[in-house]
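Down below is the structure, laid out as structure tokens.
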Amino acid sequence: MNPSLTVAPGGTVPLVDGPDLAGLRARCRQRVFDAMAAHRVDVLVMGRPTEVTYATGTRQLWLAGSRPFGPSAIAVAATGRIHLLGTSDDGVPDEVDFGDLFAMSWNPARVRAAVAALPGIAEARRVATTSGTVGFEAFVHSVAPEAEIVDGAALLDTVRRVKDADEVACVAAATALAADALGAVAAQVAPGVTERELLAGYLGRLGELGVPTPPTEGIVCAWSSGESSVLRRVATDRRLGVGDRVVLDVAANLAAYEGGIGTTVVVGSDGIDLPDEPPPAARCAAEVFDASAAACRPGTTGAEVRHAVTSAGGAMPPDGVLFGVGLGVEPPVVAPGIGDDAVLEAGMVVAVCAWVADVDDGGWYEKRLLHVGAGEDGSAAIVGPVAPPPDRRPWQETAR
Amino acid sequence: MSPFASRGDDSTEPVPTVDGVAIPEVADRARMRRERHARLQAQLAAHGLDAVLLSGTANVAYAVGADAPASDPARSMLARQVALVVRGESAPYLRTPYPEGAPAALDPDRVAPAAYPDLDDGAAELVAWVAERVPAGARVGIDEVTHPLRRAFATTAITLESTSRVMSTARVTKTADELACIRAAEALTEAAMVDAHAALRPGVRQSDLTAIFLKRVFELGVENVGVDPIWQPIPTHKADGPRTVHGDLGFPSASTQATLAGGDVVWNDTGLHVGGYASDFGRTWIVSDDPRPTGEQIAQYVTWRTIVAECKTLAAPGVDTLQLCRLATKLNGGTKPWLAHFYLAHGIGTSSAEMPLVGTDLGEAFDERQVLGPGMVLVFEPVVWTEGVGGYRAEEIVAVTDDGTVSLSGDFPWAPFPEEGP
């Protein structure tokens, strides 16, 4: 079920047939201004790439890693304008006026002058910033001397965490792309192949599908029977052997929305071993997933999700058992020591990562995305393909 | 490794050194980590800081040198790798979602799960963890202060300070091992680029080239992707490209599924990481089954090669970077040969563009004060442009050694331009 991929007029954002991306951009922009009004915020200073995407829909160059915080987009309530840091209009949607671009500079004095000159900044009384540095409050006060500085990340979180139908459609389409790549990687699995070669196949397949560098290099980790199973995300040159279990956890972006899917396969003598009956670890992982998914209802806390996981015999993956998915990963997060007080809401999309370690001399991992409250009676619905490729055994279809 | 010989390894040439240490063929990563830690300790002492708490990917890579999968900013900033370097201690602390990537020599007691400074409970936990490891009332350098972190630190006696001086001073000059990592990353980038260059034919999509390139880099042993590869068609007139705020050429533009047509002039730009260190590769190519540059295009290429060759000859310890800007401008007939929003050259290390920055809008006085020293790296990326013809752009990585420079780029062919250059 690959979405039909086309290139938008002007050669910008890759589109799918389903989502109304222009309408989505307009709604997201309006939600930002509505939230500013509700919190009496005059100016919102955004620094992170996903914030720029949410507020303006601008397509950005994919760069790995976290980067220093600075003003990348500035929304001004009084004028209804969002000023965008950028040199060119490449990837900038039509609704951002060309005059609303402000030039990037290596010179802090020039950046300050450019920001200070934006209409509505100097008289702002309440400025929200999405993060900061030690010197950033002084920067804000140098351009808006009277302003109180408040938490803009919390403000944006209130509008970003609940997804509308077009956002869910983007996540579903991205998940379909990820599932295609997972199938391509699974087809490579054979004795003698290395983890890194599987990673190469994953990135190559996504490129063939026409989507850019993925959100993260997938887990491609293997272990032999008798070895303790550890969930690793740094791929190695280890060669697969018959009977090894291999975790494949992939993700893809479409129109900046993330999709993802993960599963575990067993190495056979010539490809993947597909036994008629599931290994006990697979059965246990399916139970953990089902229990976690059943717990994902509006109002459920992170502590309750954690309890559901452990009660079903699940373990905590190092980077969490549940996290939000939208424009990349986002809150809520339920991870080691984190997220007990997080509360799920109807409309959130979350990834649930079911992991069991050392069951039947091996571990098992399954990941699916869930749309909270979208199923019957407030239950969660799986976003994207239900079963990962290769979906040739009924037991691989998790119950929900 | 690269099918092309590295420059400077001719046995008849003197071995290039940095602070008396020869640049090795393969980096000694354990030595590299020890030396970086010593530099950070010296900077903590020099600035009177008790510790630095680092969550920027390039800073963490420098302070710890842990392996981790490359991730987009959203993932990198939510479940964070964090480094804590405490004055007087022999090793850093690491928070990471990828404990398997911690250096083998790092005591497991110094490795803890990912930090979540964007979340209130995550920030409270991180600040409590820091407070257990620094003196009461400590002065702690920090590179990003999220709102939850600001609130959590406000409940302690810890004072927060900027890290920018500490980190830029430590990072700007590389050790011989750091230079070896950059050279290895560049060699792998060039080796993988052979297949992508061969696929550059009319009708190929930008994303097809990305597919070929990324598949190959991981087969060859690159550890991380740093930037989605750029394959941007460049017009003959600046106004025919993206509209820009300054009227100069719009570059770079992110790749899409756009199809490249016969005759397109394409600027390639990409970067990968080995040992945490970035490569930076760029070339100008012509999309054709039989690419033949015009005389004007060849003349631009020759000027580009001349600028880089002469800047490499001039660059040495004690030379200020304004001299490089002036030489490059003179060789380009009096016009600055770089884009208005960029530079003649930039440094590279655990970040793909870092100090020294040469020819930016920080101004001539800044460049005049910026003096080269052994271990600094310059990625020369001049642009030779003629309105109506278009332009030539490529990149070459050069390290400043004890007595001159050495190229860290390999011998990737200049095709379809004449190999011999000027």
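Where a number appears in this text, it was derived from the coordinates with a stated rule and is not lab data. Given the structure is predicted, the values throughout are model-derived calculations rather than measurements. All Cβ positions, glycine included, derive from the backbone under ideal geometry; neighbour counts span all protein chains shown.
Close amide-amide hydrogen proximity is noted between A:Ala342 and A:Gly302, A:Ala303, each under 5 Å apart and 5 or more residues distant or on a separate chain (H modeled in the peptide plane; Pro and chain starts excluded).
Just going by the charge dipole of the protein assembly as shown, with Lys and Arg at +1 and Asp and Glu at -1 on Cβ, which of A:Leu156, B:Val377, B:Pro422 is farthest out on the positive end? My answer, from the dipole projection, is A:Leu156. Which value, in debye to the nearest 20, gives the size of the charge dipole of chain B about its Cα centre, when Lys and Arg are +1 and Asp and Glu are -1 at the Cβ? For chain B, the charge dipole is close to 720 debye. Counting neighbouring beta carbons within 10 Å and listing from fewest to most, the residues B:Val384, B:Val406, A:Val305 come out as B:Val406, A:Val305, B:Val384. For the pair segment A:157-171 / segment B:316-392, the C-alpha centres are spaced 44 Å from each other.
Across segment B:183-226, C-alpha contacts under 8 Å between residues 6 or more apart give a mean separation that, scaled by the residue count, equals a relative contact order of 51 percent. In a reduced charge model with +1 at each Lys and Arg Cβ and -1 at each Asp and Glu Cβ, segment A:99-185 shows a dipole moment near 220 debye about its Cα centre.
Under the shape rule built on the C-alpha gyration tensor, where the axes satisfy a ≥ b ≥ c, segment A:155-264 is prolate, since a/c reaches at least 1.5 and a/b is greater than b/c. If R0 is 41 Å, the Cβ-Cβ spacing of A:Glu376 and B:Glu100 corresponds to a FRET efficiency of close to 0.55. Normalising the Debye intensity of segment A:97-177 to I(0), with uniform scatterers on Cα atoms only, and taking log10 at q = 0.18 Å⁻¹ returns -0.88. Considering only B:Leu344, B:His273, B:Ala115, and ranking their Cα positions along the charge dipole of chain B that arises from unit charges at the beta-carbon of Lys, Arg, Asp and Glu, the one farthest toward the positive end is B:Ala115. Calculated mean residue ellipticity at 222 nm for chain B: -10000 deg cm²/dmol, from DSSP H runs with n ≥ 4 weighted as -39500 (n - 2.57), summed, divided by the residue count and rounded to 500.
Restricting the calculation to Cα atoms, chain A shows an Rg/Rh of 1.01 when the hydrodynamic-style radius is the Kirkwood one. Modelled label positions at B:Asp411 and B:Ala239, each set 7 Å beyond Cα in the direction of Cβ, lie 4.5 nm from each other. Shielding by partners for peptide B:281-287, expressed as the average number of C-beta atoms from other protein chains within 10 Å of each residue's C-beta, is 0. What is the helix-to-structure angle for A:280-295, meaning the angle in degrees between its Cα long axis and the longest Cα principal axis of chain A, kept from 0 to 90 and rounded to the nearest 10? Tilt of helix A:280-295: around 40 degrees.
Amide H contacts for B:Ala112 (H built 1.01 Å from N in the peptide plane; partners 5 or more residues away or on another chain; cut-off under 5 Å): B:Leu94, B:Arg95, B:Thr96. Relative to the longest principal axis of the C-alpha atoms of chain B, give the angle of the C-alpha long axis of helix B:321-331, reported between 0 and 90° and rounded to the nearest 10°. Once rounded, one gets 10 degrees. Determine the alpha carbon to alpha carbon distance for each of B:Lys238/B:Lys330; B:Lys312/B:Lys336; B:Lys215/B:Lys336; A:Lys163/B:Lys238 and list only those over 29 Å. Flagged as over cut-off: B:Lys215/B:Lys336; A:Lys163/B:Lys238. Note on A:Glu148 and A:Asp34: the model spin-label points, each 7 Å out from Cα along the C-beta direction, lie 2.5 nm apart. The angle separating the long axis of helix B:120-131 from the principal Cα axis of greatest extent in chain B is about 70 degrees. The magnitude of the dipole of the protein assembly as shown, with charges of +1 and -1 set on the Cβ of Lys/Arg and Asp/Glu and taken from the Cα centre, is near 1240 debye.
Dividing the summed helix terms, -39500 (n - 2.57) for each DSSP H run of n ≥ 4, by the number of residues in chain A produces a 222 nm estimate of -9000 deg cm²/dmol to the nearest 500. For segment A:91-137, compute the orientation-averaged projected area of the C-alpha convex hull (one quarter of its surface), in nm². If you wrap the Cα atoms of segment A:91-137 in a convex hull and average its projections, you get 4.7 nm². Ellipsoid fit via the Cα gyration tensor, segment B:243-361: semi-axes of 26, 20, 15 Å, each the root of five times an eigenvalue, largest first. With the charge dipole of segment A:133-220 set up from +1 on Lys and Arg Cβ and -1 on Asp and Glu Cβ about the Cα centre, the Cα lying farthest toward the positive end among the listed residues A:Val220, A:His141, A:Ala173 is that of A:Val220.
Taking label points 7 Å from Cα along the Cα-to-Cβ direction, A:Thr158 and B:Ala157 give a separation of 3.7 nm. Working note: Cα atoms of chain B, range along each principal axis, descending, whole Å: 69, 45, 42. If you take the Cα centroid of segment B:81-115 and the Cα centroid of segment A:271-346, the two points sit 27 Å apart. If the segment from B:His246 to B:Ala38 were pulled out straight at 0.36 nm per residue, it would be longer than the present Cα-Cα gap by 70.6 nm. How many percent of all Cα-Cα pairs in the protein assembly as shown sit more than 52 Å apart? Value for the protein assembly as shown: 10 percent of Cα pairs lie more than 52 Å apart. Ordered by the number of other Cβ atoms lying within 10 Å of each residue's own Cβ, fewest first, A:Leu254, A:Leu240, A:Leu155 fall into the sequence A:Leu155, A:Leu240, A:Leu254. Sorting A:Asp358, B:Asp367 from the fewest to the most surrounding beta carbons within 10 angstrom yields A:Asp358, B:Asp367.
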